[in-house]
1. Taking 30 Å as R0, compute the FRET efficiency from the Cβ-Cβ separation of GLU172 and LEU44 and round it to 0.05.
2. Tell me, PHE96, PHE112 in order of fewest to most beta-carbon neighbours within 10 Å?
3. The range 52-148: percent of C-alpha pairs farther apart than 23 Å?
4. Could you give the length gained on full extension between THR18 and LEU110, defined as 0.36 nm per residue of separation minus the Cα-Cα distance, in nm?
5. Given the Cα-Cα distance of SER136 and VAL91 and 0.36 nm per residue of separation, how much length would full extension add, in nm?
6. In whole Hz and in residue order, list the ³J(HN,Hα) couplings for the range 83-94 that follow from phi through the Karplus curve 6.51 cos²θ - 1.76 cosθ + 1.60, θ = phi - 60°; x for Gly and Pro.
7. Would you mind getting me the FRET efficiency between ASN143 and ASP193? Use the beta-carbon distance for r and R0 = 41 Å, nearest 0.05.
Amino acid sequence: MYGIVQTLAGQTRQNMVTILDVAMPAPSLSDRAQQSFLGNLQPLTPDVAADVEDFHAVETMSIHGAVTSGSQRASINEVKDAVEAAYDTSVTRPKFSHLSASTCPLPIPLPFPMIFGNMVGQHGELLETPISGSSSRGSLEVNSIPMATRLSTAVLPFLESKLGNLRRFGIERGALGAPLLQSWDFGKDEVEDLGEVLSKMVMTLKPYPQYSSDSD
């Protein structure tokens with residue numbers, strides 16, 4: 001709630017949020033997987049809504065050791081074409097983007113925690129069938145891994161998350177957080193007004209608004 005009040009008060013309204021997304025291992029760049037390439041990036045930044053694209057965003061993407069079909073390394077041009085194709089099929093794309101690509105995968109140092117599942121091969125490729133005998137693998141079994149990271153500066157995913165949480169925990173009928181908000185002297189009308197303002201901010205930033213205010 002403090003973050004929402006800060007945003008509506010203008011203290012963070014003009015400040016964009018830096019969001020880090022990672023895919024490790026990076027998905028294959030085969031034709032079949034190109035459409036899901038951007039969807040495989042998982043946000044590591046808290047308090048942002050997943051799968052929300054901001055067409056005002058500025059981003060830079062770094063891809064190391066991407067593979068095509070099987071475990072064959074993709075060329076720089078193949079990586080560039082795959083990313084462009086993924087954006088072509090996306091509903092929105094960033095206002096500005098920069099791509100850095102390398103054919104060298106990310107080396108796995110010794111020692112390294114056993115964080116990889118049994119569907120990850122020696123060179124970080126995703127296997128069609130699991131490896132028997134072990135549910136987790138470390139640096140002795142996985143030498144390197146393709147990796148994709150995206151650092152973006154945006155505000156819409158942050159606002160979407162705040163609006164969704166406010167509606168879920170404070171506005172909807174039977175919301176679990178309503179009594180707590182009342183104990184903080186936030187009446188029902190005040191909470192709905194906060195949601196109304198947040199909704200208008202989201203609608204301003206979305207090219208195809210999906211939210212409607214309660215008064216519409």
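1. Working: r = 29 Å, r/R0 = 0.95.
E(calc), rounded to 0.05, equals 0.60.
2. Values: PHE96 11, PHE112 14.
The order, fewest Cβ neighbours first, is PHE96, PHE112.
3. Details: 1802 of 4656 pairs.
Value for the range 52-148: 39 percent of Cα pairs lie more than 23 Å apart.
4. On the way: separation 92, 0.36 × 92 = 33.12 nm, distance 3.11 nm.
Once the chain is fully extended between THR18 and LEU110, it gains 30.0 nm.
5. On the way: separation 45, 0.36 × 45 = 16.20 nm, distance 3.63 nm.
Taking SER136 through VAL91 to full extension adds about 12.6 nm, to one decimal.
6. Karplus-based 3J(HN,Hα) across the range 83-94 equals 5, 5, 5, 5, 6, 4, 8, 7, 5, 10, 9, x Hz.
7. Details: r = 57 Å, r/R0 = 1.38.
Efficiency, rounded to the nearest 0.05: 0.15.
A short reminder: the numbers here are calculations on the coordinates, not readings from a lab. Everything numeric here is computed off the predicted structure, so don't read it as measured data. So basically every Cβ, Gly included, is an ideal-geometry build from the backbone, and we count neighbours across all protein chains shown.
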